[in-house]
1. Below 30 Å, Cα to Cα, which lysines can Lys393 reach? Residues fewer than 8 away in the same chain don't count.
2. Just to check, using Stokes-Einstein with a Kirkwood Rh over alpha carbon pairs, what's the diffusion coefficient of segment 37-128 at 37 °C and 0.692 mPa s in µm²/s?
3. Share of Cα-Cα pairs in the chain beyond 40 Å, in percent?
4. Could you list which residues have their amide H under 5 Å from that of Phe217, counting only those 5 or more apart in sequence or on another chain, with H placed in the peptide plane?
5. How far apart, in nm, are the 7 Å Cα→Cβ label points at Ala172 and Asn85?
6. Simple spin-label model, 7 Å along Cα-to-Cβ: Ala390 to Leu70 in nm?
7. Report, in deg cm²/dmol and to the nearest 500, the calculated mean residue ellipticity at 222 nm for the chain, where each DSSP H run with n ≥ 4 adds -39500 (n - 2.57) and the sum is divided by the residue count.
8. If I stretch the segment between Arg201 and Met1 completely, what's the gain in nm (0.36 nm per residue apart, minus their alpha carbon distance), one decimal?
Amino acid sequence: MPLRYMTAGESHGPCLTAILEGLPAGLELREANINRELARRQIGYGRGARMQIEKDRVELRSGLRFGQTLGSPLTLVIANRDWENWKAEMALTGPRPKRSQPVTAPRPGHADLAGALKFNQRDVRNVLERASARETAARVAVGAVCKVLLRQFRIEIFSHVVQIGAVQANVAKHSLSQIHQRAEKSALRCADPNAERNMKRLIDKTKQEGDSIGGIFEVIATGVPAGLGSMMTWSERLDGRLAQALHSIQGVKGVEIGLGFDSARRTGSQVHDPIRFSTSRRAMPQGHGPSGGFYHTSNNAGGIEGGMTTGEPVVLRAVHKPIPTLKKPLPSVNLATKQSVLASKERSDVCATPAAGVVGEAAVAFVLAQALLEKFGSDSIGDITANFSAYTKRLSEL
C-alpha cells in the first residue's frame, strides 16, 4: 500500500481532517509529536489575528492502539475554535440565514475568481473556505507523523527563511546545525539576526501601508540515504515529486533544488559536484546519509541527481508570494452586477513565509517518507529497519 493522504475541511468549518494511509505497523506515535509541529506553524512575525484564536491540537481517531500504529489508515482531526463564531454562516445543513451575504468581489491573487468560474458559484465563500491556507494545518499534522517515521532512520528536516521582500539572509558561514538552531529561536525563522531585524522593519512598514509581503524559505533534509527515488520513469523522479509537493502549498510560485536557477549563470565545471571516496565517510558525517563512502565536495545538486538522492543533504527553496488579502484592496469585479468594485477583505496575515516554511517541511517529509517505504517496504517497522540495515551494510562494503 503506497503512502498517501487526503485532507478535508473548510477554514471556518467545524474542523480539519486528514486520513493518512500506508503507514507501517509498529511506529510509536504520540499526539505531542504532532502538536509540537502544529504550534510551530502558528508562530512567526507578521501573522494575523486568526493565530490568536486558534491553538491547534490534533486528535487521533483511528489507526493507533496503545501508542503504536496498526498499519491501518490514521485519522487526524484538528478542531477550528473559530467555528463558534461561524456556525450560522458556515452551517453544514439547513437553509441559508437571512443575514448571510454572499461574497461577490473576488480577490486578485487568490483562488476566488477561477474557483467561482470552475464550480459555477455565485458566492465566493464556497471557494475561498477550502482554498484557504488554513488547510495547511492538516498537512503539517500529516508531515509530523512522517517526521516521526523518518527519525527512526536518522533523517531530520528543518526550514529557515532566506529572504523577505528584498532583504536576504546570509548564512554561508554557518553549519547546518547552527542554521537549524538559530532559525528555531527566531520569530521570523531566520538564522541571520541582522537580516531578521531588517525583515521585521520591512514587515512593519508593509503593514502600515495596508499591504502584504512574501519571501523565500529553504527546507533541508539531513541523513537521507543515497538511492531514494528512481530515474526509470518520470513519475518516480524524486526531484519532480518534491517540487510538486512544495508547489502545492498555497502561495508558492516557484521551487528550486540546490543551486537551482543560478545554474543557468554558471558553466558546467562551476555547477557539478566532484565525487570523492573515503572510508571515514561511511560513518555518515553530520548531514550526510549512507552512501558507502562516496561523497561530493560540494552540494550544488541539492542532494538529488537523476531523480535520486545522493547521500548529501537534500536542499530545496520555495518562493512564497505576498498574501492576496489586502487592507487596501485591489480593483475587482462584482460577480453579480459585473460592476467594478474593490476586492473583498478577509482576516489575514501581512507575511506568512515563516509558517510556509514549516508547511514546506511537512511536504518534504511526506515525499521522503513515501520514497523510503517504496525502497525498504511498508508493512512493519521491524521489516523496514531490517531492510534499511541490510542496504546500508551493503553500501559500507563497497
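Read-outs throughout are calculated quantities, based only on the coordinates presented, and are distinct from any laboratory measurement. As the structure is a prediction and not an experimental result, all values here were calculated from the model. Cβ coordinates were reconstructed from backbone atoms using ideal geometry, including for glycine residues, and neighbour counts include every protein chain displayed.
1. List returned: Lys147, Lys375.
2. Details: Rh = 16.7 Å.
In µm²/s, the coefficient rounds to 196.
3. Values: 15134 of 79003 pairs.
More than 40 Å apart: 19 percent of the Cα pairs in the chain.
4. HN-HN under 5 Å from Phe217: Val162, Ala318, His320.
5. 4.6 nm
6. 2.9 nm
7. After summing the helix terms and dividing by the residues of the chain, the value is -9500 deg cm²/dmol.
8. Between Arg201 and Met1, full extension yields an extra 67.1 nm.
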